[in-house]
Amino acid sequence: MPEGPSILIAQQAITPVFKGKKILNASGNAKIEMVEFINEKIIDVRTWGKHLLLCLPTETLRIHFLMFGSYSIDKHIKLDRSLRLKLECKEHDLYFYTCSIKQLPGDINEYYDWKADVLSKAWDPKAARKKLKLIPNEMVCDALLNQEIFAGVGNIIKNEVLYRIFLHPETKIKNLPARKLTELITQAREYSFDFLKWKKEFTLKKHWLAHTKRTCLRCNLPFIKKYCGKTQRRTFFCKNCQLLYK
DNA sequence: CTAAATGTTAAGCC
DNA sequence: GGGCTTAACATTTA
């Protein structure tokens, strides 16, 4: 579930069934004010990075699946205690499990910079470049996970992008040659769309070249597995073919 | 059975 | 407040 492309798949599944539908009833153990949106219409279903957004006339329900969240259309498939929110509409029900749900009052555009979403039409590589220039001392492994810059990128995408562009995860932004910086920004989006395509075909894992891998298929040497950077997330890389710029 | 993981936020501390 | 550490959440897979 968690990375941006998976959220987009959810959005694409939910939209045709629930867009335009009125919420007739709401329940579940999410700590939100459900009376606020009963009898309101879902006017749009959107995403921003890893956020799924149910837009209502006066507020937006922000669903974040964290690590283990899931959803279901029409069938209650999990334990009651993990049911955060059930939305009942005419003929269809929408279930959200183990996720974080927040109500965002007012205009959704006030909350989100759509240009930061790597999967959005509005994605703006120049804006990303500008933000990266402001954090010269950060490592690329941390920068890729920064949702303000690359909304939607998660740890799998991080590892795959860095492998794809032959870049060592601990390279600092300020030491990146201009061309590498461009590649980093371009591939954050490109790989996310590949992830999306493979996820839809149920072949994502098969296409992993770095994430969880033990050997580099390019040079046959063992991969390094290290908890890199300030984010301390699992990072798989090849010391031989992923260059550390200094 | 245990540990680790596709993630984020809040609280606590210096 | 900044910046860092830790805990909390909770499911699935190896």
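Per-structure values
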| read-out | value |
| --- | --- |
| Residue check for A:Pro105: more than 17 Å from the chain's Cα centre (by Cα), farther than 27 Å from A:Leu243 by Cα and surrounded by fewer than 16 Cβ atoms within 10 Å (Cβ to Cβ) | yes |
| Count - residues of segment A:227-246 that are outside any strand (DSSP E or B) and either away from DNA strand B (no atom under 16 Å from the Cβ) or not assigned by TED's automatic domain parsing to the domain that holds A:Ile157 (or both) | 8 |
| In segment A:116-145, the residues that are under 18 Å from A:Arg62 (Cα atoms) and not hydroxyl-bearing (Ser, Thr, Tyr) | A:Ala116, A:Asp117, A:Leu119 |
| Hits in segment A:195-226 - residues which are in contact with a helix residue (DSSP H, G or I) (Cβ under 7 Å, 6 or more places away or on another chain), in a helix (DSSP H, G or I) and more than 16 Å from DNA strand C (Cβ to nearest atom) | A:Phe195, A:Leu196, A:Trp198, A:Lys200 |
| Checking A:Leu24 against (1) over 24 Å from A:Gly154 (Cβ atoms); (2) exposed (fewer than 15 other Cβ atoms within 10 Å of the Cβ); (3) within 21 Å of the chain's Cα centre (by Cα), the condition it does not meet | (3) |
| Wholly within segment A:83-170, helices (runs of 4 or more DSSP H) carrying at least 1 residues that are on the phi < 0 side of the Ramachandran plot and small (Gly, Ala, Ser) | A:125-133, A:140-145 |
| Sole residue being more than 16 Å from DNA strand B (Cβ to nearest atom), farther than 26 Å from A:Glu190 by Cα and not assigned by TED's automatic domain parsing to the domain that holds A:Glu148, chosen from A:Leu61, A:Leu87 | A:Leu87 |
| Residues satisfying the stated conditions in segment A:1-25, i.e. part of a helix (DSSP H, G or I) and either free of Cβ contacts under 8 Å to residues at least 24 places away in the same chain or in contact with a helix residue (DSSP H, G or I) (Cβ under 9 Å, 6 or more places away or on another chain) (or both) | A:Gly4, A:Pro5, A:Ser6, A:Leu8, A:Ile9, A:Gln12, A:Pro16 |
| Those residues of segment A:38-73 which are more than 16 Å from DNA strand C (Cβ to nearest atom) and not in a strand (DSSP E or B), in sequence order | A:Ile38, A:Asn39, A:Glu40, A:Ile42, A:Ile43, A:Gly49, A:Leu56, A:Pro57, A:Thr58 |
| Yes/no for A:Leu184 being over 25 Å from A:Phe68 (Cβ atoms) and buried (at least 23 other Cβ atoms within 10 Å of the Cβ) | yes |
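Listed here are the residues, each with its yes/no results for (1) under 20 Å from A:Met67 (Cα atoms); (2) in contact (Cβ under 8 Å) with a residue 60 or more places away in the chain.
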{"position": "A:Arg81", "(1), (2)": "yes, no"}
{"position": "A:Arg84", "(1), (2)": "yes, no"}
{"position": "A:Glu88", "(1), (2)": "no, yes"}
{"position": "A:Ser100", "(1), (2)": "yes, no"}
{"position": "A:Pro105", "(1), (2)": "no, no"}
{"position": "A:Tyr112", "(1), (2)": "no, yes"}
{"position": "A:Lys115", "(1), (2)": "no, no"}
{"position": "A:Lys121", "(1), (2)": "no, no"}
{"position": "A:Arg129", "(1), (2)": "no, no"}
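The values are calculated or read from the model by the stated rules, or taken from the named source; none is laboratory data. Keep in mind that what you see is a predicted model, and the values were worked out from it rather than measured. Every residue, glycine as well, gets a Cβ built from its backbone with ideal geometry; the counts of neighbours run over all protein chains shown.
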